[in-house]
Amino acid sequence: EAQVTQNPRYLITVTGKKLTVTCSQNMNHEYMSWYRQDPGLGLRQIYYSMNVEVTDKGDVPEGYKVSRKEKRNFPLILESPSPNQTSLYFCASSFRGAAGANVLTFGAGSRLTVL
Amino acid sequence: GENVEQHPSTLSVQEGDSAVIKCTYSDSASNYFPWYKQELGKRPQLIIDIRSNVGEKKDQRIAVTLNKTAKHFSLHITETQPEDSAVYFCAAATSGTYKYIFGTGTRLKVLA
């Protein structure tokens, strides 16, 4: 089944304790991205990657890191989480088509709480 | 920076009526405009999309219109049903950068 898989789905952690949210897709998509969803603010892009070893900042990259060493994986790293990073996080992927930007396939989401 | 404004933030309609959600984008280079539906506790899923070389697109009860000059695009749902109740997000994306910018969402309630 074609899908984007995120782990963990739920996490409660404490300020300053490094954590990684993994994202993996099995559709051979070139493009992958991370979003955070907060009430009243919609989905805001954190980082995106157009291919292996190519990453770029979205609108809210502060406090986050990413890497794209393999095409299928795009982990989101919080080096020193703070309470303002409490949010619902979505990973998404798509093909880089000839026509340009394409339909995003989203993972199921990861709800992170930082105490 | 670039942004997408979405209105209204909440919308209640009677079952069978039509619903219209409007978005305005700021980046004139945007050329891909998808709409996503997010049911409670679920992931966003595409319901319809349109590219800048097309003015209107329909899929059964759902249609999207695009006015490039005014930088507006709208979602139209006809004959609404209770299962249409969800949060709807518009987005604008640019082919060159693949940067997606989402609107803040519209919570649609269809009253039976």
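Okay, here's what the table says:
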item	result
A/B buried area, accessible surface, summed, 1.4 Å probe, Å²	2000 Å²
Residues A:Glu70 and B:Val54, FRET efficiency given R0 of 30 Å [Cβ-Cβ distance, rounded to 0.05]	0.25
Using a Förster distance of 41 Å, the FRET efficiency for B:Gln14-B:Lys42 (Cβ separation, nearest 0.05)	0.95
Separation of alpha-carbon centers, region B:1-32 and region A:1-78, rounded to whole Å	26 Å
Where the protein assembly as shown is the region considered: accessible area per residue in Å², 1.4 Å probe	48 Å²
Cα centre as origin, Lys/Arg/Asp/Glu Cβ charges: chain A dipole, Debye	220 debye
Percent accessible area from carbon and sulfur atoms, the protein assembly as shown, protein chains only, probe 1.4 Å	49 percent
Chain-alone versus full-assembly comparison, region B:78-108, residues with accessible loss of at least 20 Å² (1.4 Å probe)	B:Phe89, B:Ser95, B:Thr97, B:Tyr98, B:Lys99, B:Tyr100, B:Phe102, B:Thr104
Too-long pairs where the Cα-Cα distance tops 27 Å, listed order kept, from A:Lys65/B:Lys109; A:Lys69/B:Lys71; A:Lys17/A:Lys69	A:Lys65/B:Lys109; A:Lys69/B:Lys71
Neighbour cut-off at most 16 other Cβ (10 Å), DSSP loop, chymotrypsin sites (Phe, Trp or Tyr not before Pro), region A:24-115	A:Phe95
Under the Karplus curve 6.51 cos²θ - 1.76 cosθ + 1.60, θ = phi - 60°, whole-Hz ³J(HN,Hα) for region B:79-87, x wherever Gly or Pro sits	6, 4, 10, x, 6, 7, 5, 4, 9
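The values are calculated or read from the model by the stated rules, or taken from the named source; none is laboratory data. Note that the structure is predicted; figures quoted are calculated from it, not measured. With ideal geometry, Cβ positions are generated from the backbone for all residues, glycine too; neighbour counts draw on all protein chains shown. To get the accessible areas, we keep the full protein, side chains included, count just its heavy atoms, and leave off ligands, DNA and RNA. Shrake-Rupley method; radii C 1.70, N 1.55, O 1.52, S 1.80 Å.
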